[in-house]
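What follows is a single structure, written as structure tokens, with notes after it.
The values are calculated or read from the model by the stated rules, or taken from the named source; none is laboratory data. As the structure is a computational prediction, the values presented were derived from the model and not from experiment. In this analysis, Cβ positions are derived from the backbone assuming ideal geometry, glycine residues included, and neighbour counts consider all displayed protein chains.
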Amino acid sequence: MTAVDTRRRHINVLSRWAAWACLLLIPCIVMLTAGIWIFLPDLVTEGFRVAGAPPMSPLQRLGGFAFTMIPAGIFLYGIWRLYCLFNLFAQGELFSSRAARHLHAFAAALLIKTCLTPFTGAAIGVLASWNNPPGERMLAISLSQAGVAWMLIAALLFALSWIMTVAEEIAEDQKLIV
């Protein structure tokens, strides 16, 4: 077995595992998010509520879940596209325009989710602090190093998707020359 064959086998095995992980992650994210808002909303809202404020109403929890699911839903779409990409890799389709489109879509979902998260977090903060006394309600938009890192990773994935497209074009040109 050559080094190339070994690498292709590693790509195949890794891609199959990653595809299954993506597929399992999708319902887990939805169930975990719903479960937190139903059973443990204080985990999300702890820093926004003052002592003695009444607990969040079911409607506020539903709103919190909805605001949480905006970036999560976009990310779920990205994970689906990543699942499709890993399936192509497992089939040996590495530098195709289809693979590049899936990678590009995942990068876009990652970037959009990362850009929306501070704003949906702010909306959740308003909902969580709504029951606080006047003057104790909060609207906070936070940016983090992790968010900046995710934006840079998305930029890298965009570049890689374009490189994959160029690689396919070069391979097509070489087929015509020979």
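Quick one: in region 94-109, of everything that is of a type in the set (A, V, I, L, M) and surrounded by 15 or more Cβ atoms within 10 Å (Cβ to Cβ), which residue is farthest from A19 (Cα to Cα)?
A108
So A140 passes all but one of these: (1) under 23 Å from A100 (Cβ atoms); (2) in contact with a Gly (Cβ under 7 Å, 6 or more places away or on another chain). Which condition number does it fail?
(1)
Test I112 against the criterion of being surrounded by 12 or more Cβ atoms within 10 Å (Cβ to Cβ), in contact with a helix residue (DSSP H, G or I) (Cβ under 8 Å, 6 or more places away or on another chain) and either of a type in the set (S, T, Y) or assigned to a helix (DSSP H, G or I) (or both), and give yes or no.
In short, yes.
Name every residue in region 125-146 that is surrounded by 14 or more Cβ atoms within 10 Å (Cβ to Cβ) and assigned to a helix (DSSP H, G or I), in order of residue number.
Correct list: G125, V126, L127, A128, S129.
Among the residues of region 72-82, are any in a helix (DSSP H, G or I) and over 16 Å from the mean Cα position of the chain (by Cα)?
Looking for residues that are in a helix (DSSP H, G or I) and over 16 Å from the mean Cα position of the chain (by Cα), one finds none in region 72-82, hence no.
Of everything in region 1-19, what is among the hydroxyl-bearing types (S, T, Y) and surrounded by fewer than 10 Cβ atoms within 10 Å (Cβ to Cβ)? Give them in sequence order.
If the condition is that a residue be among the hydroxyl-bearing types (S, T, Y) and surrounded by fewer than 10 Cβ atoms within 10 Å (Cβ to Cβ), then T2 is the only one that fits.
Could you run through region 33-72 and say how many residues are at pLDDT 85 or above, surrounded by 12 or more Cβ atoms within 10 Å (Cβ to Cβ) and aliphatic (A, V, I, L, M)?
Here the count works out to 9.
Yes/no matrix, rows are residues, columns are (1) within 20 Å of A107 (Cα to Cα); (2) touching a residue at least 40 places away in the same chain (Cβ under 8 Å); (3) not β-branched (V, I, T):
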| site | (1), (2), (3) |
| --- | --- |
| L32 | no, no, yes |
| I38 | no, no, no |
| V44 | no, yes, no |
| R49 | no, yes, yes |
| G52 | no, no, yes |
| R61 | no, no, yes |
| F65 | no, no, yes |
| L76 | yes, yes, yes |
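Being at pLDDT 95 or above and either outside any helix (DSSP H, G or I) or more than 15 Å from L82 (Cβ to Cβ) (or both) narrows it down to one of F106, F95, F119, so name that one.
F119 is the lone residue from the list that is at pLDDT 95 or above and either outside any helix (DSSP H, G or I) or more than 15 Å from L82 (Cβ to Cβ) (or both).
Only residues that are at negative phi, over 16 Å from the mean Cα position of the chain (by Cα) and touching a residue at least 40 places away in the same chain (Cβ under 8 Å): list them for region 89-104, please.
F89, A90, L94, F95, S96, S97, A99, A100, R101
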